[in-house]
Each structure stands twice: as C-alpha cells, then as structure tokens.
Amino acid sequence: MQVLLVEDDRDLAASVADYLALDHILVDHAYNGHAGLTLACDNHYDVLLLDLMLPRMDGLTLCEKLRGAGIDTPVLMLTARDTLDDKIAGFRAGTDDYLVKPFAMEELIIRIQALAKRRSGQIRKLTVADLEVDLDSKTAQRCGQLLKLTPTGWVILETLMRNSPNVVSKQQLEEVLWPEEIPDSNSLKVHMYHLRQQIDKPFNSALLQTIPGQGFVIREDSF
C-alpha cells in the first residue's frame, strides 16, 4: 500500500511515515499544498492524507482541485480543527474521512486500511480515455460531443465508470438497476445495446466491452 502525506510539520510527518512503514505502508511526503497536488496528479496512491492548514495551498482547496480533476483516491483529512463547521467544509470539499489531531497512530492505520478498500464516493467527474461523465450536471460526453442517454443508460454508465477498469458482472448491474425485481433476461441486453450506440458507434474505438463469462467493462484496451 502506498499513501501520500501532505503535512508541513516535518517532525509529525517523519513520525507518521516511520510508524506506517512498520505496517508495510509506503509514504510519499509533500510539505505544501502545491507540491501535494503535483504528486497526487502524477502518481497512484491508495489513500491521500491531507493536513488542513498548509502553505501555498490549504487542504480544502487541494481536495477540491483533486476532485475537479477526476481523481477518486480516498482522502483522509488531518487537522486540529474539530468543529462541526470545519468537518462539513471538509466533506463538501471532497474528503472521505476526518481525523482530529492529536491522534493515535493505531487509529490512523485502521482508517487508512478501511479507505484503501474503496475509491472515493466524493468524486464528481469520471473519465476514461475521451469519455467524461459529470455527476453534478448529469451529463456525459465523448470527444467533446454530448451523449444522449436514457435514465437507465445513465445508471449503467455511471456504475461502469465508477468501477473502471474492473469488470462489473451482469448480476451486479441488474441488482443496481432493478433492486426489487429483475425483469426478463433480455432487458439488460437491450439497454446495453442502446448505450453502445451512444458511447461507441460514432467513434473510432470501442470503450464499452463485454467480457465473456464475466460481465461488462469500460476501458481503453482489450484484455
């Protein structure tokens, strides 16, 4: 597991890095928000640990910029400010969890391990190749061309984009679409056909793929 720690207190950062190393968690460290943004955008991390009060760019702004760029890495905000308003501001900026200083290292590890098992639910823009889904405006476009999706097509697309590049099984999609009662076996097939007409047919490459015996996936390359 690898995390990015953005913290301007060098002694605290060194202590956190040393303790996490004992649990086989590798730590990259940035001392200001600007450097943290660069590292987070250029590398893959399982979890981002952001201090709230940072030089050059505060933690809230950094988190907002990451979410705006479509980065769905879970964010754990570390701060001495523990009022409800502070926490609300953090969650609105896109953080997934909040840990108030001073904290126990054991609790930090437990929270990192929990967050690393999932992608952030705070992400507002999903991107695969030239396909972009904006969850706030409920719009999707490819190569800058707006896609016309049915409500069911939108749910399928969002589900596949959130899980990309992993495969989503037919059963998983059906349970998302029809939690009460799954209709006849051809219903999903029909919706997938119409979704392909929008996502892939007008363009040079196919992103929506059927993986025999496994399910469906949106990704650039075929495996």
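The values are calculated or read from the model by the stated rules, or taken from the named source; none is laboratory data. Bear in mind the structure is a predicted one, so any value in this text is a computation, not a measurement. Neighbour counts run over all protein chains shown; Cβ positions are idealised from the backbone, glycine included. What goes into the accessible areas is simple: the full protein's heavy atoms, side chains included, and nothing from ligands, DNA or RNA. Shrake-Rupley method; radii C 1.70, N 1.55, O 1.52, S 1.80 Å.
Here is how the numbers come out for the structure above:
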{"quantity": "Residue in region 80-92 that is over 27 Å from L195 (Cα atoms), in contact with a Gly (Cβ under 6 Å, 6 or more places away or on another chain) and not polar (S, T, N, Q) present", "calculated": "no"}
{"quantity": "Residue list for region 137-159, filter: of a type in the set (S, T, N, Q), in contact (Cβ under 8 Å) with a residue 40 or more places away in the chain and part of a strand (DSSP E or B)", "calculated": "Q145"}
{"quantity": "Residue pairs meeting the criteria (Cβ under 6 Å; at least 6 apart or on separate chains; first within 19 Å of R10 (Cβ to Cβ) and in contact (Cβ under 8 Å) with a residue 12 or more places away in the chain, in region 39-62; second outside any helix (DSSP H, G or I) and small (G, A, S))", "calculated": "L39/A30"}
{"quantity": "Failed condition for V176, given (1) part of a loop (DSSP other than H, G, I, E, B); (2) among the aliphatic types (A, V, I, L, M); (3) more than 26 Å from G144 (Cα to Cα)", "calculated": "(1)"}
{"quantity": "Single match in E174, E132, E158 (criterion: within 27 Å of K117 (Cβ to Cβ), surrounded by 14 or more Cβ atoms within 10 Å (Cβ to Cβ) and touching a Pro at 6+ places or on another chain (Cβ under 9 Å))", "calculated": "E174"}
{"quantity": "Residue count for region 9-23, restricted to those that are hydroxyl-bearing (S, T, Y) and touching a helix residue (DSSP H, G or I) at 6+ places or on another chain (Cβ under 7 Å)", "calculated": "1"}
{"quantity": "Residue count, region 204-220 (criterion: open to solvent by less than 80 Å² (accessible area, probe 1.4 Å) and part of a loop (DSSP other than H, G, I, E, B))", "calculated": "4"}
{"quantity": "Residue satisfying all of: in region 138-155; out of contact with any helix residue (DSSP H, G or I) (no Cβ under 8 Å at 6 or more places or on another chain) and at positive phi; surrounded by the fewest Cβ atoms within 10 Å (Cβ to Cβ) among these", "calculated": "G144"}
{"quantity": "Criterion (under 30 Å from P183 (Cα atoms) and either modelled with pLDDT of 90 or more or in contact with a Phe, Trp or Tyr (Cβ under 8 Å, 6 or more places away or on another chain) (or both)) met by exactly one of L135, L131, L126", "calculated": "L131"}
